[in-house]
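What follows is a single structure, written as structure tokens, with notes after it.
The values are calculated or read from the model by the stated rules, or taken from the named source; none is laboratory data. What you see is a predicted model, and the numbers here were worked out from it, not measured in a lab. Because the Cβ atoms are built from the backbone with ideal geometry, glycine has one as well, and the counts that use them run over all protein chains shown. The area values use the complete protein model at the heavy-atom level, side chains included, leaving out ligands, DNA and RNA. Shrake-Rupley method; radii C 1.70, N 1.55, O 1.52, S 1.80 Å.
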Amino acid sequence: MTTYVYAITRPGTAAPDLEGVGGPVRVLAWEQLAAVVSDVDVDGELPATARGLKAHARVLEALATQATVLPLRFGTVVDDDAAVVEQVLRPRAEALAALLDRFTGLVEVDVRVLDEDEVLLREVVSGDAAVQALQRKVARVGPTAGYYDRIRLGEHVAERLRQRHAREVDDVVAALRPLAVDVKVKEPSLQGLVVDAALLVERDRLAEVDAAVDAVARKRQDLTVRYLGPNPPYSFTVGEV
């Protein structure tokens, strides 16, 4: 039996009443630090299954609602509880304590905004005289004769879409930034995803953040606004834990 590590926190943090990746979750305290762990029956690297990933995320999300936590990546396994102290906590005790101080009372919320590409494309075409002129020109000639005009049309539309997406990011982030300690805007990774922003916010202000996101969604009913959190500060601790 080995020990699976979910996160670093402070002594006194209550273990969530959840079945973790391998078993019940518990908190292992050492000096000014604590690790959230569970026993797991695995020899070597833990395979990344959907069930395991969901269990890992559930534990971290439950912790974030009531404590300051530094999340570890999925699959962090050491030999036993003693190894948690000797390999995870003791070597970086000062740095981990400083990070916990830095993120005290803070959580991450993720705001994602999706736009329907077909609807957006029609809006771009209908509102741009240059695009309409190129469309008419391309329609009058054959595929070969209109080859370069088709390229120009595609480039023109792509640039208008990029400008529209940039405005969406600016508008959404501007509406939420006053409530955030920090903001990270990520490069959209899915088709139709125009805003992918992580906000570091005070846990005590979550109700205000909820209301601000709802206001964005009401104002822009042409968009789909998704709001996830509170979560541990995943986006703000990358490379530091």
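Considering region 63-158, the qualifying helices (runs of 4 or more DSSP H), each wholly inside and each with 2 or more residues that are modelled with pLDDT of 95 or more and within 30 Å of R10 (Cβ to Cβ), run over 93-102. Flag set for A98, criterion: closer than 22 Å to V201 by Cα and more than 20 Å from the chain's Cα centre (by Cα).
A count restricted to region 221-241 and to residues that are touching a residue at least 24 places away in the same chain (Cβ under 8 Å), open to solvent by 40 Å² or more (accessible area, probe 1.4 Å) and either in a loop (DSSP other than H, G, I, E, B) or touching a Lys or Arg at 6+ places or on another chain (Cβ under 7 Å) (or both) stands at 4. If you go through region 19-45 and pick out every residue that is outside any strand (DSSP E or B) and more than 23 Å from the chain's Cα centre (by Cα), you end up with 10.
Among the residues of region 197-208, those identified as in a strand (DSSP E or B) and either out of contact with any Ser or Thr (no Cβ under 7 Å at 6 or more places or on another chain) or modelled with pLDDT of 95 or more (or both) are A197, L199, L200, V201, E202.
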